[in-house]
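The values are calculated or read from the model by the stated rules, or taken from the named source; none is laboratory data. Not measured: the values here are computed from a predicted model. Cβ: placed from backbone, ideal geometry, glycine included. Neighbour counts: every protein chain shown. Ligands, DNA and RNA are stripped out before the accessible areas are found, and what is left, the full protein with its side chains, is counted by its heavy atoms. Shrake-Rupley method; radii C 1.70, N 1.55, O 1.52, S 1.80 Å.
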Amino acid sequence: MTTSWKAWASGFIGVLIFSGSLPATRVGLADFAPLFLTSARAVIAAVLGAALLVVLREKRPARSDLLPLAVVALGVVVGFPLLTALALQSITSAQSIVFIGLLPLCTALFGVLRAGERPSVVFWMFSVTGAALVAGFALSTTAEMSVAGAGLMIAAVLACGLGYAEGARLSRRLGGWQVISWALVLSLPVMLPLALWTMPEDLAAVSSSGWFALAYVSLLSMMIGFIFWYRGLALGGIASVGQLQLLQPFLGFVLAAGLLHEKVSLPMLTTALLVVLCVAGSRRFA
C-alpha cells in the first residue's frame, strides 16, 4: 500500500470513529451535564494516554512543543467537546452534524497558516464549494434551528480545525498517538478537578446508554480516533486528507437516524451527497 493510500485509509478510519461522536454526546447529555461529559472524557482518555506513554517509554516533548500541545488541548480536548455539548442542548445531533462539513475548510486554512501547506487553486474551489453548501443549509433551516446552537457549532468547528492542524504538524515529529496523549496529559490538572466538581450526585441513576456514550466519547472519540486521524494527516497532508471530514455528516446521519431516530430530511441528505462530490474533487486535485 502506497503512502498516499495509507494516509487516506488511516484518515477514513478516524473520520468513521468521529462520526459517532455527536450522536454519542447527544445520548450522554441525557445523564450528564456538558461540563462533566467534557472533563470526564478527557480524564479517562488521559489516563489511557499516560499509561501508553509510560509503558512504551516515550521521550518527553521538547519545551518548544508545550505551546503547540496546549493549542491542541484547547482545540480538541476542551473546545470542540464542550462547545458541541452545549450546542446539542438546543439542536439535534442531525442538525449539528451538518456543520461538521465546514471542518475541512477550517483545517485546510489552519494548515496553511500553521504548517505552510500550499494546496492548488482547484482544491480551494472544491473546499469552498463544500463549505458553502453547508453554510447554505444552515441558513435555510434557521427557522427550525436554534441560533445559539448554530453559533456554538461554528465556534466548535473553528476550535477543532485549529487543533487538527496543530496536532498534524506535531505528529510529523512526535507521532500521532503521542500528540493526543501528551495533549490529554497536559490538560489533566484542569480537567480532573472539573470532573470531580461536576460529577453527578447519584452515579447509580445513570443509565446504561449514558455509560456507553461516555465510554465512546472517551476511548474512541478522544483517543483511538485521533491515533488514526493524526497519522493520516501527517502522511497525506493536512489540507488534502482533511477533506475526508466532508464525509462525516453523511456517516453521522446514518447514526443519528438509526440510533436516535432523529429526522434526516431530504435537504440534509442532498447537502451531504453534494459535499461528498466535493471530497472526490478535492481528492483528485489536492
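Couple of notes before you dig in:
- Phi angles of region 57-69 translate, via the Karplus equation with coefficients 6.51, -1.76, 1.60 and θ = phi - 60°, into HN-Hα couplings of 6, 6, 5, 5, x, 5, 4, 5, 8, 5, 5, x, 5 Hz per residue; Gly and Pro are given as x.
- For region 33-40, 3J(HN,Hα) computed residue by residue from phi via the Karplus equation (6.51, -1.76, 1.60; θ = phi - 60°) reads 6, x, 5, 5, 4, 5, 6, 5 Hz, glycine and proline entered as x.
- Cβ crowding within 10 Å averaged over residues, with 174-182, 150-158 ranked highest first: 174-182, 150-158
- The chain - mean residue ellipticity at 222 nm from DSSP helices (-39,500 (n - 2.57) per run, n ≥ 4, rounded to 500): -23500 deg cm²/dmol
- Probe 1.4 Å - accessible area at residue 278, Å² to nearest ten: 10 Å²
- Between residue 58 and residue 9, the FRET efficiency estimated from the beta carbon spacing at R0 = 22 angstrom works out to 0.35.
- Charge dipole (debye, nearest 20) of the chain; +1 at Cβ of Lys and Arg, -1 at Cβ of Asp and Glu: 1040 debye
- Spin-label pair residue 148-residue 51: with each label point 7 Å from Cα along the Cα-Cβ axis, the two points sit 3.8 nm from one another.
- With a Förster radius of 41 Å applied to the C-beta separation of residue 65 and residue 118, the computed FRET efficiency comes to 0.95.
- In summary, region 1-285 shows an alpha-carbon radius of gyration equal to 0.95 times the 2.2 N^0.38 Å reference for compact globular proteins.
- Couplings 3J(HN,Hα) for region 89-100, derived from phi with the Karplus relation 6.51 cos²θ - 1.76 cosθ + 1.60 (θ = phi - 60°), are 7, 10, 9, 7, 5, 4, 5, 5, 4, 4, 5, 4 Hz, where x marks Gly and Pro.
- Model label points for residue 212 and residue 173, set 7 angstrom from Cα along the Cα-to-Cβ axis, are 4.3 nm apart.
- Label zone at residue 266 (point 7 Å along Cα-to-Cβ), backbone N below 12 Å, region 68-103: none
- Longest segment of the chain lacking trypsin sites (Lys or Arg not before Pro) that sit in a DSSP loop with at most 12 other Cβ atoms within 10 Å: 60-262
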